[in-house]
Amino acid sequence: MILAACSNVPVAEPVATPTKGGIKFKNTVVSLTFDDGDADNYTVRPVLAQNNLHATFYIVSGFTNTNGYMTSDQLRSLYSDGNEIGGHTVNHTKLTKENDDNLIKSEICRDRSNLMAYGFEVTSFAYPYGYYDERVKQAVHDCGYNNARVVSGGLNTIPPNDAYTLPALPYIMSDTKFAKMSRYVKDVENEGGGWAIFIFHHVCDGCDKFAVDLYTFTKFSNWLGTQQANNGLIIKTIDEVIGGEVKPPVIP
Ligand SMILES: [Zn+2]
């Protein structure tokens, strides 16, 4: 039997209901960044992969392959999954506290060339502790980086005002809950959109003030993966947002 279109039986209009707790994203880009290359960061590898998420890992190359930090093979595995490897100086140096311009350049350039020697295309940098000034910014540029992230300031636009001072959301701390993390993302969309960069450090249960536990990170990643797959959220590495050619390593 065919129901006549002019049927007098009142039928409720179908209402477009978002998925439970859902939101449609149109103008929001999220980047997940990890600072320092801590050994526990490697535990997020399967979580990211399962959710088709790519993150940016800023590596202190002088610490790589030492106790407490990821090995170069682990970095290669992350990279082969599509994650980005960025620079974070050779020794996690407070760059603005240094008077010697050569030392500043060496810390930034040698770190980048170390990472490129491992086989990575390195275009993104993060200032240790967020310390930068014009001199440091210039050195980052001169070492062949295409962008640099600071540690505060909130949201970015795409393209950003200044690729060498990319602001980020407040640090994720050991007491930052999933609800707050997902709310950061929803708030971006609700306030008109933008590019939100998250900063993570350790991934562990209470080993550090600047830590997210793996359970919370997994929950957040599962949520991000779902929003990416179904609801229009865009999640990219820093390099994927900024782009630009990969410049040759600079030996200072
Ligand atoms: Zn750091």
Discussion item. Suppose the filter is under 17 Å from the mean Cα position of the chain (by Cα), open to solvent by 20 Å² or more (accessible area, probe 1.4 Å), more than 20 Å from residue 251 (Cα to Cα) and within 16 Å of the ligand (Cβ to nearest atom); does residue 81 pass it?
Written reply: no
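Per-residue answers, yes or no, for (1) hydroxyl-bearing (Ser, Thr, Tyr); (2) in a loop (DSSP other than H, G, I, E, B); (3) out of contact with any strand residue (DSSP E or B) (no Cβ under 9 Å at 6 or more places or on another chain):
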position: 75; (1), (2), (3): no, no, no
position: 78; (1), (2), (3): no, no, no
position: 85; (1), (2), (3): no, no, no
position: 90; (1), (2), (3): no, yes, yes
position: 99; (1), (2), (3): no, yes, yes
position: 107; (1), (2), (3): no, no, yes
position: 110; (1), (2), (3): no, no, yes
position: 113; (1), (2), (3): yes, no, yes
Item to complete: Give just the number: which of (1) within 16 Å of the ligand (Cβ to nearest atom); (2) farther than 22 Å from residue 196 by Cβ; (3) without any contact (Cβ under 8 Å) to a residue 40 or more places away in the chain; (4) within 20 Å of the chain's Cα centre (by Cα) does residue 107 not satisfy?
Response: (4)
Item to complete: Go through region 121-131 and count every residue that is open to solvent by less than 10 Å² (accessible area, probe 1.4 Å) and either away from the ligand (no atom under 12 Å from the Cβ) or among the β-branched types (Val, Ile, Thr) (or both).
Response: 3
Response to the item:
Of the residues in region 25-70, those that are in a helix (DSSP H, G or I), under 14 Å from the mean Cα position of the chain (by Cα) and within 28 Å of residue 106 (Cβ to Cβ) number 1
Worksheet, complete the sentence: Matching residues in region 53-63 (more than 12 Å from the ligand (Cβ to nearest atom), open to solvent by less than 40 Å² (accessible area, probe 1.4 Å) and over 10 Å from residue 90 (Cβ atoms)) number 3
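The values are calculated or read from the model by the stated rules, or taken from the named source; none is laboratory data. On a predicted model such as this, the values are computed, not experimentally measured, just so you know. For neighbour counting, all protein chains shown are included, and Cβ atoms are generated from backbone atoms with ideal geometry for every residue, glycine included. Just the protein is used for accessible areas: all its heavy atoms, side chains included, with ligands, DNA and RNA removed. Shrake-Rupley method; radii C 1.70, N 1.55, O 1.52, S 1.80 Å.
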